[in-house]
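Chemist: Sharing a structure here in structure tokens format.
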Amino acid sequence: MLLIECPWCGPRAESEFSCGGEADIVRPLNSENLSDEEWGDYVFMRHNTRGVHREQWMHAQGCRKWFVATRDTVTYQFFEYEKFRQPHAGQGASTDDRNKSGSSTK
């Protein structure tokens, strides 16, 4: 069994978590001005890195909070876990703020 460490709840079974894909993807601020191709690239195109990269994870069967994990996609080894950082000015509410309001979106 693979253990994933929730930054709030500690180590738990992999089955309690849901992977949200690649981390550090910034939503375009002017999304209403994007072409269909540009919007499609933002929504669907990912690097799908082989090796170490950062991913978004949610403790779906626990505290339901989102966090970032650094993981090797070849060996499945997790190296680091971190809570989401506060956004820069103008980028909206933090993940922690959204979790407090009861929303389960990223």
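The values are calculated or read from the model by the stated rules, or taken from the named source; none is laboratory data. Predicted model only: the values in this text are computed from it and were never measured. Backbone-built Cβ (ideal geometry, glycine too); neighbour counts: all protein chains shown. Heads up: the accessible areas ignore ligands, DNA and RNA and are worked out on the full protein's heavy atoms, side chains in. Shrake-Rupley method; radii C 1.70, N 1.55, O 1.52, S 1.80 Å.
Chemist: Suppose accessible area is computed on protein heavy atoms with a 1.4 Å probe; arrange K83, K65 from highest to lowest.
Modeler: K83, K65
Chemist: Which residues in segment 1-33 place their backbone N less than 15 Å from a point set 7 Å from the Cα of C63 along the Cα-to-Cβ direction?
Modeler: Label zone hits: 4-13, 17-18.
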